[in-house]
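Encoded as structure tokens, the structure appears first; notes follow it.
The values are calculated or read from the model by the stated rules, or taken from the named source; none is laboratory data. Remember, it's a predicted structure, so these values are computed and weren't measured experimentally. Here the Cβ is made from the backbone with ideal geometry for all residues, glycine too, and neighbour counts use every protein chain on show. Heads up: the accessible areas ignore ligands, DNA and RNA and are worked out on the full protein's heavy atoms, side chains in. Shrake-Rupley method; radii C 1.70, N 1.55, O 1.52, S 1.80 Å.
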Amino acid sequence: MINFEYARASDVADAVRRIAADPTAKFIAGGTNLIDLMKEDVERPSRLIDITHLPLKSVEETPDGGLKIGALVPNTDLAYHPVVESRYPLLGSAILAGASQQLRNMASTGGNLLQRTRCYYFYDTATPCNKREPGSGCSAINGLNRMHAILGTSDACIATHPSDMCVALAALDASVHVMGPNGDRAIAFADFHRLPGNTPQRDTNLHPNEIITAVELPARGFAANYSYLKIRDRLSYAFALVSVAAALELEGDTIKEARLALGGVAHKPWRDPAAEAALRGQAANEGNFRRAADMLLRDAKGFAHNTFKIELARRAIARALTQAARGTPQSQSDKKIR
Ligand SMILES: Cc1cc2nc3c(=O)[nH]c(=O)nc-3n(C[C@H](O)[C@H](O)[C@H](O)COP(=O)(O)OP(=O)(O)OC[C@H]3O[C@@H](n4cnc5c(N)ncnc54)[C@H](O)[C@@H]3O)c2cc1C
Ligand code: SF4
């Protein structure tokens, strides 16, 4: 048992003050990831700063037609929020594809962004892992790597980001609002998570003394033509082998705007502007969807146990885009269970 202190932040400024004063402290929100990591001895915070009482639990429409989601809005509440259901169903669909109902009830919006990889070696403190212990090596590169990345990998780390929600947020062009000792700033979602490079211990560009206060969605929600397709080993309670968030704006059969983000394939939700640009102005048909998939996966590289993911991703992209174009998104089996 490793001792830690507990403190409750009284407001956002107090939370920032407390984290800035103690670099080995950690915020705790739903605790569904952090507590597991502490039990496995992967995270050893000296102090837990409880942020669950902060006023970051509202979902508000913005003057420019978007939606601002407080960092402490539970995943369940967000998925079933009437504005998300009617205008951003891609987001609700992705959230409901993740974890279980009980976990989604506890999990917060901010915590979901910062959940850590599910690489087996990251959790196993008996093995080398550059993310857990920089410079110790990567056990996955020549080990069991079935769940691992095929895009954007480095010689230091081939882990994936495990979130479903973040794949939809990437496709929807969200931004992340954060507060630190020098005030607040907004980070474009594409710049929030990092590729591993030589510093796989850093998952995101959030500074250690900053707190996430909200996630903002722009007005465009792609409510008519979207699909979140998650391919996994079991139908529930499993992380994605490959997932695809696809969203289209159509004029007749012609694609006006396309969004495509992949989960389970990289250290961050994967988007490729070139593949999306190649779809614009084209007919919404399988040939064009397959060409976009080939373009998106042109640099994909497999390892001993995960090369199958390249073809899986290719087919999943074409299927998700087809479902989006037809207006027949895959429905979630537990959509009506609250
Ligand atoms: C068995 C299991 C299965 C799961 N399956 C899936 C799945 O299929 N898909 C999926 O997407 N997810 C899945 N999850 C992960 C789950 O979604 C995350 O654990 C959850 O979203 C984390 O949110 P939380 O509020 O509990 O975070 P916490 O555990 O409280 O915190 C996680 C991290 O975020 C930091 N943090 C939290 N809030 C803030 C903030 N506002 N500002 C700054 N830092 C903050 C904490 O310090 C900590 O480092 C699964 C989890 C479990 C346990
Ligand atoms: S893939 Fe990344 S998280 Fe997994 S063992 Fe290698 S360095 Fe660690």
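Worth pointing out:
- Number of positions in the stretch 137-147 that are surrounded by fewer than 19 Cβ atoms within 10 Å (Cβ to Cβ) and either among the polar types (S, T, N, Q) or in contact (Cβ under 8 Å) with a residue 24 or more places away in the chain (or both): 4
- Total residues in the stretch 223-258, condition surrounded by 24 or more Cβ atoms within 10 Å (Cβ to Cβ) and more than 25 Å from residue 192 (Cα to Cα): 1
- Members of the stretch 259-282 found to be surrounded by 15 or more Cβ atoms within 10 Å (Cβ to Cβ) and either free of Cβ contacts under 8 Å to residues at least 40 places away in the same chain or over 22 Å from the mean Cα position of the chain (by Cα) (or both), listed by number: 272, 275, 276, 278, 279, 282
- Index of the failed condition, residue 15 passing every other in (1) open to solvent by less than 30 Å² (accessible area, probe 1.4 Å); (2) more than 9 Å from ligand 1 (Cβ to nearest atom); (3) not in a loop (DSSP other than H, G, I, E, B): (2)
- Residues of the stretch 112-125 that are hydrophobic (A, V, I, L, M, F, W, C) and within 8 Å of ligand 2 (Cβ to nearest atom): 119, 122.
- Residue list for the stretch 41-51, filter: surrounded by 13 or more Cβ atoms within 10 Å (Cβ to Cβ), part of a loop (DSSP other than H, G, I, E, B) and more than 9 Å from ligand 1 (Cβ to nearest atom): 42, 46
One line per residue, one yes/no per condition, for (1) modelled with pLDDT of 95 or more; (2) out of contact with any Lys or Arg (no Cβ under 7 Å at 6 or more places or on another chain); (3) part of a strand (DSSP E or B):
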{"position": "170", "(1), (2), (3)": "yes, no, no"}
{"position": "197", "(1), (2), (3)": "yes, yes, no"}
{"position": "201", "(1), (2), (3)": "yes, no, no"}
{"position": "207", "(1), (2), (3)": "yes, yes, no"}
{"position": "229", "(1), (2), (3)": "yes, no, yes"}
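- Selected residue (only one of 158, 141 is in a loop (DSSP other than H, G, I, E, B) and over 20 Å from the mean Cα position of the chain (by Cα)): 141
- Unique residue being among the charged types (D, E, K, R) and part of a loop (DSSP other than H, G, I, E, B) when the list is 185, 220: 220
- Filter result for residue 277 (under 21 Å from residue 87 (Cβ atoms), out of contact with any helix residue (DSSP H, G or I) (no Cβ under 6 Å at 6 or more places or on another chain), outside any strand (DSSP E or B) and of a type in the set (A, V, I, L, M)): no
- Residue match in the stretch 36-46 (condition: modelled with pLDDT of 95 or more, in contact with a strand residue (DSSP E or B) (Cβ under 8 Å, 6 or more places away or on another chain), within 16 Å of ligand 2 (Cβ to nearest atom) and within 24 Å of residue 118 (Cα to Cα)): yes
- Scope the stretch 52-103; condition surrounded by fewer than 24 Cβ atoms within 10 Å (Cβ to Cβ), touching a residue at least 40 places away in the same chain (Cβ under 8 Å), part of a helix (DSSP H, G or I) and within 12 Å of ligand 1 (Cβ to nearest atom); matching residues: 76, 101, 103
- Sole residue being within 13 Å of ligand 2 (Cβ to nearest atom) and open to solvent by less than 10 Å² (accessible area, probe 1.4 Å), chosen from 128, 134, 200: 200
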